[in-house]
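See below for the structure under consideration.
The values are calculated or read from the model by the stated rules, or taken from the named source; none is laboratory data. Quantities reported herein were computed from a predicted structural model and do not represent experimental measurements. Note: ideal-geometry Cβ built from the backbone for every residue, glycine included; neighbour counts use all protein chains shown.
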Amino acid sequence: MIKEQFDLKGKVALVIGGRGFLGRRFCAALAEFGAYVYAADLQEASLASKHDPTWVPVDGIIQRNIDVTDADSIKLLIDKIVEEKKKIDILVYAVNISPKDYYLPFTECSLEGWQTITKIELDGLFLVTREVGRVMETQDHGNMIFISSIYGIVGNDQRIYEGSNLAGLYGGHKEIPRKIYSHAAYPAVKGGVISLSRYLAAYWGEKGIRVNCITPGGIAHPGENEEFVKKYSHRTPLGRKAGMNEISGALIYLASDASSYVTGHNLVVDGGWTIW
């Protein structure tokens, strides 16, 4: 009985950010549990995705292009999915962006960089949920899952970034400084994602639309250098970074009927990072 609640057969899932390092794992997990999956993203894969030798492509996932800053692009995609499948049961929003000044000190960050992050990670979420919400309202059911971060609920520990290679790995910087900083727009946006999920959970509850968040801690990436991983792991009660499947498992729980009475929740999967 409980096992059957995790079955996603017959469900139509849309993953925004589906070509990303984490997003494509989400697509694979949803498909493994039986969902019909659309992966929507920019055509160009992220640097983190490109530098991931562990990824093995999964058959059966429908790839679509989308620009989350363009309301027309979003509507075109949603209309096409509804035309093909008549519904959207599950929406996952897993989008991140790193502008060129992402790893600079706060006082050296540009307004343009700040606005790039907020436009894609928060404005885009608004535009996508507004359009998908219209579809789910007509269905009288739906399930939205947003991806936040530990830095959406606690302050950034800037100490762990000295000596890391994240600027090169995720930002494409050729000249990598000894000390980098996590951008201030990131926690601002991720905190907003959590708040929006609670607002929409209350707003759409009577329509049978559930809205939840997943807040991951740091996820192991094969390209990250040993110095950074050691510092991060030391800061975490479980003593390590998360495995990809540990985040995907949380997604399947929230996407399935096993969590049918869960809405407005922020599921923290961080190895204990935020308990200190």
Review point. Do we have Ser148 as polar (S, T, N, Q) and more than 28 Å from Lys85 (Cα to Cα) here?
Key: yes
Exercise for review: Output the residue which, of all residues in the range 255-276 that are in a helix (DSSP H, G or I) and β-branched (Val, Ile, Thr), is surrounded by the most Cβ atoms within 10 Å (Cβ to Cβ).
Suggested key: Thr274
Exercise for review: Give the range 100-120 a look and list any residue that's out of contact with any Phe, Trp or Tyr (no Cβ under 8 Å at 6 or more places or on another chain) and in a helix (DSSP H, G or I), or say none.
Suggested key: Thr107, Glu108, Leu111, Glu112, Trp114, Gln115, Thr116, Thr118, Lys119, Ile120
**Study point:** Criterion (at pLDDT 95 or above, part of a loop (DSSP other than H, G, I, E, B), farther than 21 Å from Ser149 by Cβ and not hydroxyl-bearing (Ser, Thr, Tyr)) met by exactly one of Ile78, Ile88, Ile74
**Key:** Ile88
Practice item. Look at Asn143 and say whether it is touching a Lys or Arg at 6+ places or on another chain (Cβ under 9 Å) and either among the hydrophobic types (A, V, I, L, M, F, W, C) or not in a helix (DSSP H, G or I) (or both). Key: yes
Check your understanding: Taking into account only those residues within the range 170-208 that are among the charged types (D, E, K, R), within 23 Å of Ser110 (Cα to Cα) and surrounded by fewer than 20 Cβ atoms within 10 Å (Cβ to Cβ), which is modelled with the highest pLDDT?
Key -> Lys179
Review point. Is there any pair with a first residue in the range 17-44 that is farther than 19 Å from Val132 by Cβ and a second that is among the basic types (Lys, Arg) whose Cβ atoms are under 6 Å apart and which are 6 or more apart or on different chains, and what are they?
Key: Gly34/Lys9
Point to revise | Matching residues in the range 140-169 - criterion: being exposed (fewer than 15 other Cβ atoms within 10 Å of the Cβ) and within 21 Å of Tyr93 (Cβ to Cβ) | key: His141
Exercise for review: From the list Lys86, Lys100, pick out the single residue that is surrounded by fewer than 23 Cβ atoms within 10 Å (Cβ to Cβ) and within 24 Å of Gly18 (Cβ to Cβ).
Suggested key: Lys86
